[in-house]
Structures are given as structure tokens and as C-alpha cells.
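Here's the structure, in C-alpha cells; my notes come after.
The values are calculated or read from the model by the stated rules, or taken from the named source; none is laboratory data. This one's a predicted model, so the numbers in the text were calculated from it and none came from an experiment. Here the Cβ is made from the backbone with ideal geometry for all residues, glycine too, and neighbour counts use every protein chain on show. With ligands, DNA and RNA removed, areas are computed over all heavy atoms of the protein, side chains included. Shrake-Rupley method; radii C 1.70, N 1.55, O 1.52, S 1.80 Å.
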Amino acid sequence: MNQKILGCILGAATGDAMGAATETKSAGQIRKLFGGRVEEFMTPPVDVPARGRKAGQVTDAFSIPYILTEHLLKTGGKASRKTGEEALMEWGRTEYFEPFAGMTTRNVVNRLNQNDKMDLWSYIGHLGNKLYKGHYYALSSNGAASKAYPEGLLSGGDVERAIADTVEITMSSHDDPYSISGACAVAAAVSEALKEGTSVYEIVKAAHYGSVRGETLARAREDIWTYPGPSVTKRIEMAVQIAMHSGSSRDIVSELGERIGSGPAVAETVPAALGILIANQGDTMESIYDAVNIGDETCAIACITGAIAGGYNGADSITEGYLDMIEEKNGMCLRRQAEEIEKLLGTSTRG
């Protein structure tokens, strides 16, 4: 189990750090800039969000859930909106905030810092930037999905718990059904991936269920902001069809990018990540490579894909030496975090 837990965390970090060099670029630009596919840590060029950082350093896609995991461990794995808010406030004080905070997360952190006693109704419909209310992706961004793998890890294989916990955590930053749907899809997939004897089919099936259940729970709340937008669930179904009928993994990735997209909307990021996972039959590094080279939101897609595939296959499925490099370059201790999660889950099981 430790290998699976560590695999999930390391897979997420590896995907994010490798995708940092290709973020916002098109697939064609990536090939031209790097002379082919990126399949190792590269120094980010000057025109991407991670400019100025070193090869192997992570961005917001991994640093937020890493800090969130620390807060969840302090609460004994108990998830709440307050825990999510506290983790975001801590992240807002780190080096990652200024270069990487998206419009939704930046607005939330600023609001929390300005007044940490705002009542519930002050938040409804105000988490996103009002200037972008007319465009769904500004609200239902992939930030919710990127920070969902910790809830899956701490669920102990209980998919329903993973979904319920993710709803609460997601409400701290993304108070809409689509963001919650996408986040719950990721958490459910990770929860299933940690089970012994599971399969890619069962993982994607769990993700689909998580998207449906998460949206249902979200729409049943009173403190939710609803608006028109594409269904994460239906986009997942589309991604599955593409992955099953589009030939080689390269063909599938191209088709996913062209038909679903790989942009910041959660209805693009999550389906694309799952489609890539299917295309590579769950292989960890091949899935990460495809996510890094699909273009646009490569950090988030590769982080999510890496978390699911890493949890499915274990830490040994990730290139040797990457764990030491990630820990050294980022001043993080992934091993300790995995050990604490395993210990907490063991205590919960015995209890």
C-alpha cells in the first residue's frame, strides 16, 4: 500500500514538474521548441508560467494538494470546507502564489486574507472573477480537480467517502457543480486505483460515477452557484469513446485535444486525462508523457494522470531517481507524507 500511496503522490509531482516546461504551448509548438516530445524534466522557457524555475520544480498543480494533504493529515483525514480554506491561505503565502495562482484561486485567497470571518452567503457565486461570469471555464477551472487526489488517497478505498470529502474541500474554492463533478471524478478514480486487483476499466468507471455523484450532491446544496456549461460526465463519456476507437495512443491524444480540448476548463482537463490513461492502458510514464505533450494545461492534466496511474501501478512504475530529484528540487518530503497517510489509514482500519 505504501508503494501505491507514494506512487500517487510522486506521479502527480512528476506530471506537474514535467508539464511545467510545456504549459500553454500547443502540441506543435512543443515539438518545434524542444525538437520532439518532452519525456524528461526540462528547464521552462521564458514564455510559460514556470519561467525562471529549474527543471524538476513543481507548480500550483502539485503544491496546492501537497499542502492540502498536510492539513488533512493534521485533522486525522477529516475533510471540511474550513480545512480547504486553511490550506489555500497557507499556499497563498508561498512562492507559488504570485506566478501560478489562477483567476479563481487568486480571488479566493485574496478574499480569505481580507476577511476570514465572511459569512457563508457572502461567498455564494463570488468565488470566481465577476469579469468572467459569462464564460464557464473561468469558474469551473481545473484547479478543483488538481487538488482532488488527496481525498482519494485518504478515503482508504471508500469511493463514497472520497466523493463526499471532495465536495466539502472543493467548496472552499470552486462553488459550482461542474468543478465539483470533475474533482469528484479524480478523487473516485484515485480511490479505486489504490485497490489491489483493480483495472483501468474499474478506475474509469469509478471516475464516471464520481462525476455523476459529485454533480448530484453539488446541485442539492443551497450554497452553490449554477450557470450554463458543458457536462463533465458527458465529456468523460466522449473521451472514453475517442480512446477506444482512435487507433494509437498518439492518434488518441491528438483526437482528445482537437475534440475535447486540453484547456483550463474542468470539462476539458479531466476527460483528457482519463482518455490518456485509457490510451496507454494505465502505464504511468507513457500516460504522463502524453499528458505533457498534449499542449495547453499540461501541468494539470499530467498531474491528474500521474496521480491516478501512479496510484494504480505504484512508485516503482516511475523513472528511477525522480523521487530524490523532486524532493531535493522542491524541498518536499513525499516519502514522509506517504508514510503518514499509510499510518493513518492503518489506524482507521484497526479502529
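Computed with a 1.4 Å probe on the full set of protein chains, the accessible area for C333 sits at about 50 Å². Each residue was assigned an accessible area with a 1.4 Å probe, and for R51 the value is about 140 Å². The stretch between K32 and K82 holds 13.5 nm of extra length on full extension. This uses 0.36 nm per residue minus the Cα-Cα distance.
Here E328 sits with roughly 150 square angstrom of accessible surface, probe radius 1.4 Å. Residues whose amide H comes within less than 5 Å of that of S141, counting only those at least five positions distant or on another chain, are V266 (H built at 1.01 Å from N in the peptide plane).
In this rough spin-label picture, where each label sits 7 Å from Cα along the Cβ direction, the R106-E40 distance is 3.4 nm.
Loop-located trypsin sites (Lys or Arg not before Pro) across region 61-95 with a Cβ neighbour count of 16 or fewer within 10 Å are K78, R93, with loop assigned by DSSP. Structure note, pairs K25/K54; K4/K205; K82/K205: Cα-Cα distances above 21 angstrom occur for K82/K205.
Think of the chain as having a plus end and a minus end, set by charges on the Cβ of Lys, Arg, Asp and Glu; of V48, L154, L256, V48 sits farthest toward the positive end of this dipole. Listed by chain and number, the aspartates and glutamates whose C-alpha is less than 16 Å from the C-alpha of K74, apart from same-chain residues fewer than 8 away, are E85, E86, E90, E151, D165, E339, E340, E342. Using a simple spin-label model with pseudo-atoms 7 Å out from Cα toward Cβ, R219 and M1 lie 3.6 nm apart.
Mean residue ellipticity at 222 nm, helices only, the chain: -19000 deg cm²/dmol; runs of at least 4 DSSP H residues each add -39,500 (n - 2.57), and the sum is divided by the number of residues. Of the GluC sites (Glu not before Pro) found in region 71-116, those in coil by DSSP whose Cβ has at most 12 other Cβ atoms within 10 Å are E95. Heavy-atom accessible surface of the chain, averaged per residue, reaches 39 Å², computed with a 1.4 Å probe.
The mean sequence separation of alpha-carbon pairs under 8 Å and at least six residues apart, normalised by the residue count of the chain, gives a relative contact order of 28 percent.
Using equal-weight Cα scatterers in the Debye expression, the normalised intensity of the chain in log10 at q = 0.08 Å⁻¹ is -0.31. For the chain, a simple Cβ point-charge model (Lys and Arg +1, Asp and Glu -1, everything else neutral) yields a dipole of about 540 debye relative to the Cα centre.
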